[in-house]
Amino acid sequence: MSSESKYALITGAAILTLAGLISRVTGFFYRIFLSHSIGAEGMGIYQMIFPVYGFCFALVVSGMQTAISRSCAASWAAGRPRQAKTSFLAGFSLSLGLSLVIAFLLHGQAGRLAKLLSMDSRCIPLLQLIAFGIPFGVVHTCISAYYYARNKTAVPAAAQLLEQFTRVGASLVIWQIFLAEEKSPSPALAVGGLLAGELASSLFSGICILVHFQDPSLRQGPSGSFWRSQRELTVLALPLAANRVLLTLLQSGEAILIPGHLVLSGMTSDDALTLFGVFSGMAMPFILFPSAITGSVSTLLLPTVAAAEARGNEEGIRRATEKTIQYCLLLGILAAGVFFFYGNVLGRTVFHNAQAGTFIRILSFVCPFLYLTGTLSSILNGLGHTTLCFWQNAAGLLIRIGFVVLAVPGFGIQGYLWGILASQLAVTGLNLIFLRKQFVFSVSAWDWIVKPAAALAICMGISLLFQSLLGRLALPGLAVLAASLLAAGLIYLGLLRMMGLLPDLPLPSKKQK
C-alpha cells in the first residue's frame, strides 16, 4: 500500500470525523434548545414523522447513493473520469426525478397516511412540510456519494456543517417569530429548520460540483452512454434500494409501535409520547455521538474495500478488518464507561431530565456492538454482500420489534432497551461469523478487550475523583462535567499509548488519480 494512498484515506476520514463531531456538538445544543422550546411531548411528535421521511428517502436515493459511489470509484480507478461524470449524472437524474414524485404524493396524502399509521393528528402538517425536503436531500446525498468515490471529503464535510448551522439558525429565527406572535412554539419550528438546512446544503453541493465539472481532466477517456449508465446503475441500485426500503419499513414499524405499546403498559398517550421523545430525542443522540468517528470510517471503507476486492487484495481487506474491529472496540469500551458512570449526570445537567440519564446508563452496554456493526457492514457491502447485510440487519430489527410487541406491554420501555442490546449482539455476531468465513483474521481479546477495559477502569476512577474535587468548588455543573470527561478521555488515550494499542487504521490501497 502506498503511503500517499494511506494518508489520503486517513485524511479523508479525519475530515469527515471532525465535521461530524462539530455537527453533533452543535446538534446537542440544538436538541437542548428543542427540549426546552417544544418540550418532551413535542420532541416525541417530531420524532414520529421521521420513519415516514426515512422511508421516502430510502426509496428514492438509498440504493442509488451506493451505486453512484461504487460505479464512480471503479471509473476513476480505471482512468475514465468522463465515465465517472456520466455515471453520476445518470444516477442523479433518476433519483431526483423520483424524489419529486414522492414529495408530491407525500404532501398530498399526508392526512391519509397519518390515519393509516395511527399517528397523532399533529403530525399531518409536519409531514406536508417535510415532503419539500426530500428533493433537496437527494441532491446533496448523490453529490456526496460522487466525492466519497474519490476519497474527497472536503465538500461533503462542509455541506454537512452548513446544513447543521443553517438548521439551527433557521430554527432560532422561527422560534423568535413564534414568540413575537405570542404563540407557543410547536414542532413545526424544528421541521422548518430541517428544510432550511437541506436547502442550504443542496445549493452549496450543487455549486461545488458544477465548478468541479469544468475541470479539463473530466474530458479525458470515453464518456460512455448516458442511457446505458442509467440502466447499469438501476440494476445495481434496485436490490440495494429494495433492501434499504424493507429495512426502513421495519424501522418505521418499530418507531410507530413503541408509543402504542407503551400505552398498553399502562401509560397515557401523552405520557407515552413524552417518554418516546426523551428516549429518541435526548438519550439516543448521546449514545450515537461517538459514531461520528466510526461513521466516517464506514463511509470510506465501502468504496475502498470494493476497489481492493476488485484487485484481489485479500491481505489488505484482512488488515482493514482487524484494525476496524480493534479501533471500534477501543472507542466502544470508552463510550460504554463514560455513559455508564456519567449517564445520570449527563441527563440531569444537559437536558434537566433524570429519565434521559437512566436511558443513557442502560444503553451504555450497547456502544461497542453498535459502533462495530456499522463498520463491519460497510466491509461486507464493499465485498458485494448486500443481500447478506440486509438479512442480518432485518434479523436485528425483527428482534427489536419482537421485544416491543412482547416485552414493552409488561415491562414498559425497559423491555425495548433489552431488545436493543439483544439485537446488536446478534447482528455483530453474524457479521463476524460471515467475515471469518470469507477470510481468516485474528481477534486479540487480551489486547482489544482486557487491556482497554483495564485502562477504562483506571481513567474512570481518576476522572470520578477529579469530578468530586471540582464539585467542591463554586463551578457550573456543566463545566465540571466537561472537565471530568476531558480528563477521562486524555487519561484513556495516554494509557492506550503506553500499552501500544492506538491503531493507525491502515486500509487497503487505492491508487490516487
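Every number in this text was worked out from the coordinates using simple rules, so none of it is lab data. For clarity, every value in this text was computed on a predicted model and none was experimentally measured. Ideal geometry is used to build each Cβ from the backbone, glycine not excepted, and the neighbour counts take in all protein chains shown.
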Taking 56 Å as R0, compute the FRET efficiency from the Cβ-Cβ separation of L203 and I256 and round it to 0.05. 0.95
What chymotrypsin sites (Phe, Trp or Tyr not before Pro) does the range 345-439 have in DSSP loop regions with at most 15 other beta carbons within 10 Å? F439
Which length gain, in nm to one decimal place, applies between H36 and A453 when the Cα-Cα distance is subtracted from 0.36 nm times their residue separation? 146.4 nm
Pull out the extension gain between F411 and V211, defined as 0.36 nm times the separation in residues minus the alpha carbon to alpha carbon distance; nm, one decimal. 66.4 nm
For the range 22-177, using Cα atoms only, the Rg and Dmax in Å read 18.0, 54
Per DSSP H run of n ≥ 4, the term is -39500 (n - 2.57); total these for the chain, divide by its residue number, and report the mean residue ellipticity at 222 nm rounded to 500 deg cm²/dmol. -27500 deg cm²/dmol
Please report, in Å, the Rg and the Dmax of the range 444-503, where both are computed over Cα atoms only. 13.4, 45
Fully extended contour minus Cα-Cα distance, from A483 to K437, at 0.36 nm per residue: 12.1 nm
Given the candidates V345, L430, T321, the one whose Cα lies deepest towards the positive end of the charge dipole of the range 251-443, counting +1 at each Lys or Arg C-beta and -1 at each Asp or Glu C-beta, is T321
Return the FRET efficiency for the residue pair S225, T11: r is the Cβ-Cβ distance, R0 is 41 Å, and the value is rounded to the nearest 0.05. 0.75
Isotropically averaged projected area of the range 251-443, using the convex hull of Cα atoms (one quarter of hull area), nm²: 10.7 nm²
Suppose R0 equals 60 Å. What FRET efficiency, 1/(1 + (r/R0)^6) with r the Cβ-Cβ distance, do L490 and T387 give to the nearest 0.05? 0.90
For the range 366-375, take each phi angle, set θ = phi - 60°, evaluate the Karplus expression 6.51 cos²θ - 1.76 cosθ + 1.60, and give the result in whole Hz per residue in order, putting x for glycine and proline. 7, 3, x, 6, 5, 6, 6, 4, x, 6
Once the Cα gyration tensor of the chain is found, what semi-axes does its equivalent ellipsoid get, as square roots of 5 times the eigenvalues, in whole Å, sorted largest first? 35, 31, 22
List the relative contact order of the chain as a percent without decimals, with contacts defined as Cα pairs under 8 Å and 6+ residues apart. 21 percent
If you place +1 on the Cβ of every Lys and Arg and -1 on the Cβ of every Asp and Glu, how big does the dipole about the Cα centre of the chain come out, in debye to the nearest 20? 1200 debye
Read phi for every residue in the range 87-101 and hand back ³J(HN,Hα) as whole Hz from Karplus 6.51 cos²θ - 1.76 cosθ + 1.60, θ = phi - 60°, with x for Gly and Pro. 4, 4, 4, 5, x, 4, 5, 4, 5, 5, x, 5, 5, 5, 5
Whole-Hz Karplus couplings 3J(HN,Hα) for the range 404-417, θ = phi - 60° and coefficients 6.51, -1.76, 1.60, Gly and Pro as x, run 4, 6, 9, 9, 4, x, x, 10, x, 5, 4, x, 6, 5
